[in-house]
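Trainee: Mind having a look at this structure? Questions to follow.
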Amino acid sequence: QVQLVESGGGLVQAGGSTRLSCAASGSISSINAMGWFRQAPGKQRELVATITSGGTTDYTNSVKGRFTISRDNAKNTVYLQMTSLKPEDTAVYYCAALLKRWDSWGQGTQVTVSS
């Protein structure tokens with residue numbers, strides 16, 4: 001079992017930047033990939049970025065060139081650096097761990113981008 005704790009986020013002005021962190025504990029060796037999802041009010045949860053155990057990253061088109069997912073293996077932490085933020089990036093952001101499925105989830109952290 002994997003436990004995830006997120007931090008970061010808050011209120012950011014459009015065009016600004018912020019960084020989210022996700023600290024993992026538990027069965028770290030079972031994790032095949034980590035991901036960041038987001039859910040805006042009235043919308044479905046969407047996958048924003050992923051990073052595999054081998055370090056391969058992928059992004060949804062709307063954040064390519066603006067968001068960067070990275071990890072610090074020594075700290076068992078995954079980050080989401082978000083730049084050039086837009087009001088449409090406003091959402092609750094969740095980190096998740098892929099074992100056989102997206103099995104483990106963080107509690108979510110709110111990111112609000114003001115125009």
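The values are calculated or read from the model by the stated rules, or taken from the named source; none is laboratory data. None of the values given here were measured: they were computed from a predicted structure. Note: ideal-geometry Cβ built from the backbone for every residue, glycine included; neighbour counts use all protein chains shown. SASA here: full protein model, heavy atoms, side chains in, ligands and nucleic acids out. Shrake-Rupley method; radii C 1.70, N 1.55, O 1.52, S 1.80 Å.
Trainee: Output ³J(HN,Hα) for segment 104-111: one whole-Hz value per residue in order, computed from phi by the Karplus curve 6.51 cos²θ - 1.76 cosθ + 1.60 with θ = phi - 60°, and x for Gly and Pro.
Mentor: These are the phi-based 3J(HN,Hα) values: 10, 10, x, 7, x, 9, 7, 10 Hz.
Trainee: Through the Karplus equation 6.51 cos²θ - 1.76 cosθ + 1.60, θ set to phi - 60°, convert the phi angles of segment 63-79 into ³J(HN,Hα) values in whole Hz; use x for Gly and Pro.
Mentor: Listing the rounded values in order: 10, 4, x, 10, 10, 9, 9, 8, 8, 10, 5, 5, 9, 6, 10, 10, 10 Hz.
Trainee: A further question on this structure: So, in nm, how far is label Lys64 from label Ser7 when the simple model puts each one 7 Å beyond its Cα toward the Cβ?
Mentor: 3.3 nm
Trainee: Taking 7 Å along the Cα-to-C-beta vector as the label spot, tell me the Ala74-Ser17 distance in nanometres, rounded to one decimal.
Mentor: Computed distance between label sites Ala74 and Ser17 equals 2.2 nm.
Trainee: Next up: Compute the accessible area per residue over the chain, keeping the other protein chains in place, probe 1.4 Å, unit Å².
Mentor: Counting only protein heavy atoms, the per-residue value for the chain is 52 Å².
Trainee: Amide H of Gly108 versus every other amide H placed in the peptide plane: which residues, excluding those fewer than 5 positions away on the same chain, fall under 5 Å?
Mentor: Answer set, sorted by chain and number: Glu6, Cys95.
Trainee: Ignoring any ligand, DNA or RNA, what whole percent of the accessible area of the chain comes from carbon and sulfur when the probe is 1.4 angstrom?
Mentor: 46 percent
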